[in-house]
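Q: Please see the structure below; I have some questions.
The values are calculated or read from the model by the stated rules, or taken from the named source; none is laboratory data. Every value quoted in this text rests on a predicted model; they were computed, and no experiment measured them. Positions of Cβ are generated from backbone atoms using ideal geometry, with glycine treated the same way; all protein chains shown enter the neighbour counts. For accessibility, only protein heavy atoms count, side chains too; no ligands or nucleic acids. Shrake-Rupley method; radii C 1.70, N 1.55, O 1.52, S 1.80 Å.
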Amino acid sequence: MLPSSLNPLGLKSVLGTEFLKKDQIQTILDRAQSLKSRMERSEPVEQTLKDKTVILLFFEPSTRTRASFELAAKRLGGTTLNLSKQMSSAEKGETLVDTARTIEAMAPDLLVLRHPSAGSAHVLDQKLKIPVVNAGDGFHEHPTQALLDLMTLLEFKKRLEGLRVLIVGDIAHSRVARSDIYALKTMGARVSVCGPPTLLPPFAERMGVEVFHHLERAVSDQDVIIALRIQFERLGAGQIPSRGEYSKYYGINSTLLGRCREDVLVMHPGPVNRGLELSPEVADGSQSVILNQVSNGVILRMAILELLVGDKIR
Amino acid sequence: MSLWIRNGRIIDPSQKRDIVGDVFVQSGKIEAIGPNIVVPQVPGLNTIDAKGCWVTPGWIDMHTHLREPGGTHKETIRTGSESAAAGGFTSIACMANTQPVNDNSYVTSYIYQKVSSEALINVYAIGAVTKGLQGEELAEIGSMFDAGIVGLSDDGKTLMNAYLLRKAMDYSKRFDLVIISHAEDSSLKGKGVMNEGFNSARFGLRGIPRTAEDIIVARDILVAEHTNSRLHIAHASTVGSVALIREAKRRGIQVTAEVTPHHLTLTDDAVIHYDTNTKVAPPLREKRDVDALREALSDGTIDTLASDHAPHSIEDKEVEYDLAEFGMIGMETAFPLYHKLVVEGLLSINRMIEAMTIRPATILGISKGTLKVGADADITIADPSVRYTIDKQVFRSKSRNSPFDGWEVQGRVMHTIVGGKVVYDAKAGGIQ
């Protein structure tokens, strides 16, 4: 393993965007862009993860993030091993730290962790010698999602500085929202959030964002709208009275888009609850870049894996 | 056996005394105290030179968890009493949330049997308010009183049924037992694991709002007023609690309160690295709460200092923040943390000692906390000038769950004396 000082990021692990510096984010985005250009020119991808093993340890159901990391590692020539809660010994009472130490004893090169408790990736990073990439910890952070959002924004808007971005939905319970806010702020974007007061985090304005409760008041001069997935099954009572009411006040439909700038981009981390967060015509419309986010996700994750443990990167 | 403590700064708030002088102990009692006492030449006289040290009534920690019976892998009455002695405490009260719960006289008697055979210091039992801490039926308060409990509490849980609280307050007046309230509304607390605020939003952890505490403090004060009975608020942690307690005292309601070392010295900033040793109930709050608690301790709105010593094993703490148990140990770090406020000029020495001696003794109704002639010779000697680094590896407690490991502090316990017997001597290998 390379000492962290020797990798181009100067980071052992990628745990969140809150403490990523501007030049570190730029390094990741540059690397991703360069990989994308090569792939678009059909040039072969350098196998910088040859002989490297990436463990995907997922304690929550996930389709796209896990698939995206797995593809990313394999396209770089790496080996992946999938471990879920059911396949690890967590079901037998083994603690997270013990599970991770056991895995580390098998000498992998990097661990990707998805976990329902905030801080889990941080705790493992403190206990393990290998790099850890946080693929989502509770409500806390999901840094690779935010970075792929930035990559997509840069691609379509050519800049991040001064860009006006509105995040809509359940901000309080969203790791995507936190990571997006930190990363966008660091890169100079102006960020607003909008959602029902029950789903906004306490003191959201102290995160340096403008806070709205009325969607129609929030959208007019935004360059980008990021709609978040509403997870009704997790919310419990007392957050939103009904799906219908959420969709009425916070759903993004074509009428609302009529109030937006003509060149507004619509993004969503997926999976979309059609008709709830986004109406079908918006989700599939010309302003939606949701599938571009997914494609970029693989490339962005390739960039991160390569920067952390890749062979030829200096 | 006789003991002559010489040339110490004797601080005894029970007698409003703060002088340099000697204490003479004979047959386990304070025999003489003053600047120029005459000590008889008795055989076997043990002398302690206390020059530069404080000589105070033995300290009292009215809020601890000793985990026996049922949780002896975390702490026992023996190890808890050693931890107390090393922390300078000569008397402690242990909470009822053991397994089985101390909700009947058999458990109370078991605890006192263990105490008499194994404890190095005085240990008093607190009885449960409700059976099994379930908040549904009153525990056998009278039988436990006869077996020796000194207070009532469902600590660890909040009695959410106001009717039952009212009945408990009415009933316990018969025994003049104080009801100690752990004030956290369970519906507002929900699955919260830290203070609700900007930091909980940042760290992605579920918050526990201040209102969860304030609403129960307000309710309990109103019920205490209605029943004209005694209420003690455990581990006050919010600016709102302080205001409610201050107002209640002004109106003559019989309410007292305590504050812990951690709520006086830490904010929820400490949670940033997800160190589960910072997970505690009520949670670490924010600077304005800490400031309010310090002021309230200084002006007497908050009566006592108490550690809420809550031992947990590694397997309870080396887990995800959401899953970790609430609580931290505190008896061996309490004094230097309290003393930090004195060093910073926020608290007078006399007020600090009062909050560690005569105030908790009065609230629990135990004849301790004083150096009056004839009193039990429970004495703590501390050197306020010694600086050192807290090292969890040297704790006498069976557990290590402290967020203060590595802190640079000032003020060290030199001798802990219980009934005239030295049970802890820092210079002679610690526990005696």
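Q: Would you report the distance distribution of C-alpha pairs in the stretch A:196-241 as whole percents per 5 angstrom bin, up to the bin with the largest distance?
A: That works out to 4, 15, 24, 25, 21, 9, 2, in percent per bin.
Q: While we're looking at this one, here's another question. Ranked from highest to lowest mean number of other Cβ atoms within 10 Å per residue, what is the order of the peptides A:276-288, B:414-426?
A: Highest to lowest by the protection proxy: B:414-426, A:276-288.
Q: Could you tell me whether the stretch A:83-142 comes out rounded, prolate or oblate from its Cα gyration tensor? Rule is a ≥ b ≥ c as square roots of the eigenvalues, rounded for a/c under 1.5, then prolate if a/b exceeds b/c, otherwise oblate.
A: Oblate shape, in that a/c is at least 1.5 and b/c is the bigger or equal ratio.
Q: Evaluate peptide A:109-122: per residue, the Cβ atoms of other protein chains within 10 Å of its Cβ; return the mean as an integer.
A: Rounded to a whole number, the mean comes out at 4.
Q: Any of A:Lys36/A:Lys312; A:Lys22/A:Lys158; A:Lys127/B:Lys191; A:Lys12/A:Lys312; A:Lys12/A:Lys52 with alpha carbons more than 20 Å apart? Name them for me.
A: The pairs that break the limit, which is 20 Å between Cα atoms, are A:Lys127/B:Lys191.
Q: Under 23 Å between alpha carbons, and skipping anything fewer than 8 positions from B:Lys131 in its own chain: which lysines qualify?
A: Of all the lysines, those that pass the test against B:Lys131 - Cα under 23 Å, at least 8 places apart if same chain - are B:Lys114, B:Lys157, B:Lys167, B:Lys173, B:Lys189.
Q: Could you work out the helix-only [θ] at 222 nm for the protein assembly as shown, with each DSSP H run of four or more residues adding -39,500 (n - 2.57) and the total divided by the number of residues, to the nearest 500 deg cm²/dmol?
A: Value at 222 nm, helices only, nearest 500: -9500 deg cm²/dmol.
Q: Could you please state, rounded to a whole Å, how far the C-alpha centre of the stretch A:90-121 is from the C-alpha centre of the stretch B:191-211?
A: 25
Q: While we're on this one: Pop out the Kirkwood hydrodynamic radius of chain A from its pairwise C-alpha distances, inverse of mean 1/r, in Å to one decimal.
A: 20.0
Q: Loop-only trypsin sites (Lys or Arg not before Pro) in the stretch B:10-85, please: DSSP not H, G, I, E or B, and at most 15 other Cβ atoms within 10 Å.
A: B:Lys16, B:Lys51
Q: Quick check: pseudo-label points 7 Å beyond the Cα along Cα→Cβ at B:His273 and A:Asn292, how many nm apart are they?
A: My value for the distance between the label points is 4.2 nm.
Q: Could you pull out which residues in the stretch B:3-19 have an amide N less than 13 Å from a spot 7 Å beyond the Cα of B:Ala428, following the Cα-Cβ vector?
A: Inside the label zone: B:3-5.
Q: Follow-up. Treating the stretch A:143-294 as a set of equal point scatterers at the Cα positions, no solvent, please give the Debye-formula log₁₀ I(q)/I(0) at q = 0.19 Å⁻¹.
A: Ignoring solvent entirely, the Cα scatterers give -1.19.
Q: Can I ask one more? Using 0.36 nm per residue, how much length does the chain from B:Lys167 to B:Asn228 gain when fully extended, once their Cα-Cα distance is taken away?
A: Taking B:Lys167 through B:Asn228 to full extension adds about 20.8 nm, to one decimal.
Q: Using R₀ = 30 Å, calculate the FRET efficiency as 1/(1 + (r/R₀)^6) where r is the Cβ-Cβ separation of B:Arg174 and B:Arg251; round to 0.05.
A: Calculated transfer efficiency: 0.75.
Q: Determine the shape class of the stretch A:31-153: with a ≥ b ≥ c the square roots of the Cα gyration tensor eigenvalues, call it rounded for a/c under 1.5, and otherwise prolate if a/b is greater than b/c, oblate otherwise.
A: In terms of gyration-tensor shape, prolate.
Q: Starting with the highest mean, order B:80-88, B:92-100, A:163-171 by the number of other Cβ atoms within 10 Å, averaged over the residues of each peptide.
A: Listed from highest to lowest mean packing, they are B:80-88, A:163-171, B:92-100.
Q: Moving on to the next point. Let me check something: with ligands and nucleic acids excluded, how do B:Asp316, A:Asp223, B:Asp170 order by accessible area (1.4 Å probe), largest to smallest?
A: Sorted descending by solvent-accessible area, the residues read B:Asp170, B:Asp316, A:Asp223.
Q: Restricting to Cα pairs below 8 Å that are 6+ residues apart, what does the relative contact order work out to for chain A? Please round to a whole percent.
A: 21
Q: Angle check, please: helix A:175-186 long axis (alpha carbons) against the longest principal axis of chain A (alpha carbons), in degrees 0 to 90, nearest 10.
A: With both axes taken from Cα atoms, the answer is about 90 degrees.
Q: Now a separate question. Indicate the gyration tensor shape class of the stretch B:58-364 (rounded, prolate or oblate), computed on the Cα atoms with a ≥ b ≥ c the square roots of the eigenvalues: a/c under 1.5 is rounded; otherwise a/b larger than b/c is prolate and the rest oblate.
A: Note, shape of the stretch B:58-364 comes out rounded.
Q: Quantify how strongly other chains surround peptide A:205-216 by giving the mean number of their Cβ atoms within 10 Å of each of its Cβ atoms.
A: Whole-number average of other-chain Cβ neighbours for A:205-216 is 1.
Q: Compute the accessible area of each residue in the stretch B:182-213 twice, once for its chain alone and once with every protein chain present, using a 1.4 Å probe on heavy atoms, and list those whose area falls by at least 30 Å².
A: At a threshold of 30 Å² (probe 1.4 Å), the residues of the stretch B:182-213 that become less exposed are B:Phe198, B:Ala201, B:Arg202, B:Gly204, B:Arg206.
Q: State, as an integer percentage, the relative contact order of the stretch A:243-314 based on alpha-carbon contacts under 8 Å between residues 6 or more apart.
A: Contact order relative to length: 31 percent.
Q: What whole number of Å gives the distance from the Cα centroid of the stretch B:294-359 to the Cα centroid of the stretch B:369-432?
A: Cα centres, the stretch B:369-432 to the stretch B:294-359: 15 Å.
Q: Under a straight-distance cross-link criterion of Cα-Cα below 17 Å, which aspartates and glutamates are reachable from A:Lys248, leaving out those fewer than 8 residues away in the same chain?
A: A:Asp170, A:Glu216, A:Glu277, A:Glu281
Q: For chain B, give the share of DSSP beta bridges that are antiparallel, in percent and rounded to the nearest 5; count only bridges with both residues there.
A: That works out to approximately 55 percent antiparallel.
Q: Please determine, in degrees from 0 to 90 and to the nearest 10, the orientation of helix B:239-250 with respect to the longest principal axis defined by the Cα atoms of chain B, where the helix direction is its Cα long axis.
A: Helix B:239-250 and the main axis of chain B meet at about 70 degrees.
Q: Tell me, what is the percent relative contact order of the stretch B:332-381, built from C-alpha pairs under 8 Å that lie six or more residues apart?
A: 18
Q: Continuing with this model, one more query. Inside 10 Å of the C-beta atoms of A:136-145, what's the mean count of C-beta atoms belonging to other chains?
A: 3
Q: Let me ask something else about it. With a 10 Å radius around each residue's Cβ, average the other Cβ atoms per peptide and rank A:142-151, B:391-400, highest first.
A: Ranking the peptides A:142-151, B:391-400 by packing returns A:142-151, B:391-400.
Q: Now for a different question. Round to the nearest 10 and give me the degree value, 0 to 90, for the angle of helix B:210-227's Cα axis relative to the longest principal axis of chain B.
A: Orientation of helix B:210-227: about 70 degrees from the principal axis.
Q: Another question, if that's okay. So, counting K/R as plus one and D/E as minus one, what does the shell of residues with Cβ under 11 Å around B:Glu118 add up to?
A: Neighbour charge sum, excluding B:Glu118 itself: 0.
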